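The values are calculated or read from the model by the stated rules, or taken from the named source; none is laboratory data. All figures in this text were calculated on a predicted structure; none of them were measured in a lab. Quick reminder, even Gly has a Cβ in these numbers, built from the backbone with ideal geometry, and neighbours come from all protein chains shown.
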Amino acid sequence: MPKPLNAERIVDIPLNTWSDIGDFIGNEVRRRVRDKKVLGGSYNPQYAELKKSRSAAPRGVPQASTSTKPDLTLTGKMLDDLRREKVSKDQVSLGMLRYNIEKMKGNIKRGWDMLDNTKVLKPITERVNKRIGKQFDKNISKWSRDDIVINIGK
């Protein structure tokens, strides 16, 4: 007896798969930024001057560098803030503190995007799509109807 067709289950992705995908995306963004896949950009000229003179950090807070190029790897705080926020049956959401989102937007305006579509997001998307495709293939095997074999003759 062939098993019943359950086609609506073909697109089911387990929650732990979505969790793994969210963690993978965050880790891969951090790896690509730390491996210098995203370069360019500069600080606002006034801020760059403050950094050069070691006056950019608030009083009593040590300044990590005098470099005038954005470098999220110096302390890693902004990079580490990117993490999986929410998982549902058909998606995963990543997020970061509003403060870091505002800093990220400012960096984008100055030509430095840690989520650069070509250098960061496109390769990550390709790997995530492959993973989801493999899950769909697995689901098709599991939830599609068995072949019905009809023998004609003896």
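With respect to residue 115, is the statement that it is under 21 Å from residue 22 (Cα atoms), touching a residue at least 12 places away in the same chain (Cβ under 8 Å), in a loop (DSSP other than H, G, I, E, B) and in contact with a Leu (Cβ under 8 Å, 6 or more places away or on another chain) true? Yes: the conditions hold for residue 115.
Of the residues making up the stretch 33-82, those that are more than 14 Å from residue 114 (Cβ to Cβ) and outside any loop (DSSP other than H, G, I, E, B) are 45, 46, 47, 48, 49, 50, 51, 52. Can you say whether residue 7 is at pLDDT below 80 and surrounded by 13 or more Cβ atoms within 10 Å (Cβ to Cβ), as far as the supplied structure shows? So residue 7 fails the test. Restricting the first member to the stretch 1-19 and to residues that are charged (D, E, K, R), and the second to residues that are modelled with pLDDT under 85, the beta-carbon pairs closer than 6 Å and six or more apart or on different chains are 3/146; 9/143.
Matching residues to (1) at positive phi; (2) buried (at least 16 other Cβ atoms within 10 Å of the Cβ); (3) out of contact with any helix residue (DSSP H, G or I) (no Cβ under 6 Å at 6 or more places or on another chain):
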{"residue": "60", "(1), (2), (3)": "yes, no, yes"}
{"residue": "66", "(1), (2), (3)": "no, no, no"}
{"residue": "85", "(1), (2), (3)": "no, no, yes"}
{"residue": "88", "(1), (2), (3)": "no, no, yes"}
{"residue": "109", "(1), (2), (3)": "no, no, yes"}
{"residue": "127", "(1), (2), (3)": "no, no, yes"}
{"residue": "131", "(1), (2), (3)": "no, no, yes"}
{"residue": "138", "(1), (2), (3)": "no, no, yes"}
{"residue": "152", "(1), (2), (3)": "no, no, yes"}
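For the stretch 26-58, a residue qualifies if it is on the phi < 0 side of the Ramachandran plot and of a type in the set (D, E, K, R), and the qualifying residues are 28, 30, 31, 32, 34, 35, 37, 49, 51, 52. Checked against (1) surrounded by 13 or more Cβ atoms within 10 Å (Cβ to Cβ); (2) basic (Lys, Arg); (3) in contact (Cβ under 8 Å) with a residue 60 or more places away in the chain, residue 142 passes all but a single condition, namely (1). Counting only residues that are assigned to a helix (DSSP H, G or I) and among the aliphatic types (A, V, I, L, M), which one in the stretch 90-107 is surrounded by the most Cβ atoms within 10 Å (Cβ to Cβ)? In this case the residue turns out to be 104.
Rundown of residues vs (1) among the hydroxyl-bearing types (Ser, Thr, Tyr); (2) at pLDDT below 90; (3) within 17 Å of the chain's Cα centre (by Cα), yes/no style:
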{"residue": "69", "(1), (2), (3)": "no, yes, no"}
{"residue": "82", "(1), (2), (3)": "no, no, yes"}
{"residue": "104", "(1), (2), (3)": "no, yes, yes"}
{"residue": "125", "(1), (2), (3)": "yes, no, yes"}
